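Structure, as structure tokens:
Derivation of every value follows stated rules applied to the coordinates shown; laboratory data play no part. These numbers were taken from a predicted model, which means no experiment stands behind them. With ideal geometry, Cβ positions are generated from the backbone for all residues, glycine too; neighbour counts draw on all protein chains shown.
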Amino acid sequence: MPHDFMPGLAGVPAATSSISDVDGQRGVLEYRGIRVETLCSKSSYLETAYLLLFGQLPSTTEFQRWVTDITHHRRIKFRIIDLLKSLPEQGHPMDALQAAVAALGMFYPGRNVKDVENNYWSAVRLIAKLPTIVAAWARLRHGDAPIMPRDDLGFSENFFYMLTESVVPLLWDEIFDDCLILHAEHTMNASTFTGLVTASTLADPYTVVASSIGALKGPLHGGANEEVVVMLQEIGTLDKARQYVEHVLQNKKKLMGFGHRVYKVKDPRATVLQELCRRLFKECGSSPLYEIALEVEAAAGTMLKGKDIYPNVDFYSGIIYDKMGIDVDLFTPLFAMSRVSGWLAHWLEQLRENKLFRPDQIYSGEHNRPYVPIDQR
Ligand code: ACO
């Protein structure tokens, strides 16, 4: 029976899920029914990750155990560090992260995905170790020794410590933790769908996450946060912003950090990120990139009027990371470090009622072609 073909599966449900929901007309994003803005003001990344994975906010005891388990699994094996050392330092950090995550699956038991206890520990390991891999790679490629995690530091605090060997101001931890919450989950996007397809084959979770990392890397998905900062740097000064937007749109190119398959209004995450920018700049001084970004948003607002194209999550996040001194090509790995909890929540959900993904296609080629011998072609 032929079905309507929807390029990019736009609007086609690929699963039923109770993990998150987006109302693209009203600009509302909820994780397990709780608005993302509420989680940013009241929760932490690790508590939000628990909520995503297990469906409920943890009790005090559950939360203590969760934090302890994550904290005690942050270290990575020396052989993973050796693997990172062997990669070309000019390579993209997303490729290094993908390789290291795939390699984790060779060290830890993950193949029996029917083992609920083992799945718990796989989730703990992945959430705990991704920041350590990202920080280790960031240092190794500049010739610096990786820094081991410190158990006395919180999740975000420890990440900065492993990156810079210093403990950053509390405000930075709070803002960074909110960034992690905002990036943790977003319904059936390209990387989550990729992970689900892999999960449906009953592959181990390290392979599932490695495949999602590959999909997140692309500039139409998570890679856009990097491209936004490059674009803002290229614009350079406030007075060139409008002209730049005009040029991009006249040449039928995409403005990076704008537009979304689901949101027809401004992405609520972009609004929260803008507020985080203001908090950070009040304390640490403004960023010329932010001023340019505001001008780009205003210009795009006029020039794209009526097209439902507004800033998405990738538009303001990079400006925050840039102000914190983080290298531009680490922005997408930071996204992965957070989104891993959403990917894993979907992995667990998929396993509960698994059906192998095997979509159909509409064949547009020929039939019954003769084979022409090579000397007669
Ligand atoms: N700049 C200018 N025009 C745009 C943009 C943009 N950023 N996004 C969409 N449009 C226009 C298209 O040119 C097209 O116009 P047309 O109908 O006149 O030809 C129309 O809007 C529809 O665009 P599509 O690309 O078909 O819409 P889709 O739903 O596939 O796009 C996407 C979603 C891929 C995110 C797109 O908006 C885009 O490429 N944005 C830039 C990259 C980006 O920021 N990606 C991050 C998304 S958030 C995330 O993944 C975490």
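Only counting other Cβ atoms within 10 Å, I'd like Thr192, Thr71 sorted with the fewest neighbours first. List each step's numbers first, then the result.
Working: Thr192 26, Thr71 19.
Ascending Cβ contact count within 10 Å gives the list Thr71, Thr192.
Compute the signed sum of charges (Lys and Arg +1, Asp and Glu -1) over the other residues within less than 14 Å, Cβ to Cβ, of Ile309.
+4
Hey, could you grab the Kirkwood Rh for segment 224-323? Inverse mean 1/r over distinct alpha carbon pairs, Å, one decimal.
Numbers: mean 1/r = 0.0743 Å⁻¹.
Computed over segment 224-323, the radius equals 13.5 Å.
I need the shape label for segment 1-95. Rule: rounded when a/c is under 1.5, else prolate if a/b > b/c, else oblate, with a, b, c from the alpha carbon gyration tensor. Mind showing how you got there, number by number?
Details: a/c = 2.37, a/b = 1.20, b/c = 1.98.
Judged from the Cα gyration tensor, segment 1-95 comes out oblate (a/c at least 1.5, b/c at or above a/b).
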In nanometres, what is the gap between the two model label sites at Glu89 and Trp121, each 7 Å from Cα along Cα-to-Cβ?
-> 3.7
Starting from the Cα-Cα distance between Leu356 and Ser17, subtract it from 0.36 nm times their residue separation and give me the gain in nm to one decimal.
-> 120.4 nm
Give the Kirkwood hydrodynamic radius (Å, one decimal) of the chain, defined as one over the mean of 1/r across all pairs of different Cα atoms.
-> 21.9
Total charge of the residues flanking Pro205 in space, meaning their Cβ is under 11 Å from its Cβ, with Lys and Arg +1 and Asp and Glu -1, is +1
Sorted largest first, extent of segment 79-189 alpha carbons per principal axis (Å) = 43, 33, 31
Peptides 263-273, 83-93: what's the order by average Cβ count within 10 Å, highest mean first?
-> 263-273, 83-93
Between the alpha carbon centres of segment 304-358 and segment 208-235 the gap in Å comes to 9
Would you order Tyr31, Tyr290 from fewest to most other beta-carbon atoms within 10 Å of each residue's own beta-carbon?
-> Tyr290, Tyr31
Net charge near Ser338 (other residues with Cβ under 11 Å of its Cβ; Lys, Arg +1; Asp, Glu -1) is -2
Using amide H atoms built 1.01 Å from N in the peptide plane, name the residues 5+ places from Phe258, or on other chains, whose amide H lies under 5 Å from its own.
-> Asn312
Determine the dipole magnitude for the chain: charges of +1 sit on the beta-carbon of Lys and Arg, -1 on that of Asp and Glu, nothing else is charged, the reference point is the Cα centre, and the result goes in debye to the nearest 20.
-> 640
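Per DSSP H run of at least 4 residues, take -39500 (n - 2.57); add these up for the chain, divide by its residues and hand me the 222 nm value, nearest 500 deg cm²/dmol.
Working: 16 runs with 211 residues, N = 377.
Computed mean residue ellipticity for the chain: -18000 deg cm²/dmol.
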Most to least packed among 242-254, 226-238 [average Cβ atoms within 10 Å] = 226-238, 242-254
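Could you line up Phe193, Phe176 from fewest to most neighbouring Cβ atoms inside 10 Å? Present the calculation step by step, with values, prior to reporting the outcome.
Details: Phe193 18, Phe176 25.
Exposure proxy ranking, most exposed first: Phe193, Phe176.
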